[in-house]
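**Q** First the structure, then my questions, so here it is.
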Amino acid sequence: MTLKIISAAEVLFEGEVKSVTLPGSMGAFTVLHNHASLVALLSAGKVRYESVAGGEHSHDIPGGVADVDNNVINVCVY
């Protein structure tokens, strides 16, 4: 899966991941390979992901929108 975390000013992360946990406005949720397509509002919190190369990482976000489609997760932060 490809994860892209972007803001209006910069690309915070772009790379291949095994899983992503997002701070949804109705609670955190995890996206795995072949997840159903969705669009979700995100609250302030941490985007946590496990990279294909190994290791867990996170980015603090103030909120945003996530789009999941065809094993690509686009996270647009405010």
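The values are calculated or read from the model by the stated rules, or taken from the named source; none is laboratory data. Computed from a predicted model, the values in this text were never measured in an experiment. Neighbour counts are summed over all protein chains in view; Cβ atoms, including those assigned to glycine, are modelled from backbone coordinates with ideal geometry. Only protein heavy atoms, including side chains, enter the accessible area calculation; ligands, DNA and RNA are left aside. Shrake-Rupley method; radii C 1.70, N 1.55, O 1.52, S 1.80 Å.
**Q** Give me the 1.4 Å probe accessible area per residue for the chain, excluding ligands and nucleic acids, in Å². Each step should come with its number before you reach the end.
**A** Values: 4420 Å² over 78 residues.
That works out to 57 Å² for each residue.
**Q** Mind running the shape call on the chain? Use the C-alpha gyration tensor, a ≥ b ≥ c as the square roots of the eigenvalues: rounded below 1.5 for a/c, prolate if a/b tops b/c, oblate otherwise. Working shown, then result.
**A** Details: a/c = 1.38, a/b = 1.16, b/c = 1.19.
It is rounded, given that a/c, with a ≥ b ≥ c, falls under 1.5.
**Q** Report relative contact order for the chain in percent, whole number only (criteria: Cα-Cα under 8 Å, sequence separation at least 6). It would help to have the intermediate numbers written out before the result.
**A** On the way: 192 pairs, mean separation 25.9, N = 78.
Computed over the chain, the figure is 33 percent.
**Q** How much net charge surrounds LEU12 when only other residues with a Cβ under 12 Å from its Cβ are counted (Lys, Arg +1; Asp, Glu -1)?
**A** Details: positive: LYS4; negative: GLU10, GLU14, ASP60.
Every neighbour counted, the sum reads -2.
**Q** Report VAL65's accessible area, 1.4 Å probe, all protein chains in place, as a number in Å² to the nearest 10.
**A** Result for VAL65: roughly 60 Å² accessible.
**Q** A follow-up question, please. According to the square roots a ≥ b ≥ c of the eigenvalues of the Cα gyration tensor, what is the shape class of the stretch 3-44, taking rounded for a/c under 1.5, prolate for a/b larger than b/c otherwise, and oblate for the remainder?
**A** Details: a/c = 2.01, a/b = 1.15, b/c = 1.75.
It comes out oblate by the Cα gyration axes.
**Q** Among ALA66, ALA53, ALA28, which one moves the most in a GNM of the chain with springs linking Cα atoms closer than 10 Å?
**A** With Cα springs under 10 Å in the chain, the top fluctuation among ALA66, ALA53, ALA28 is at ALA53.
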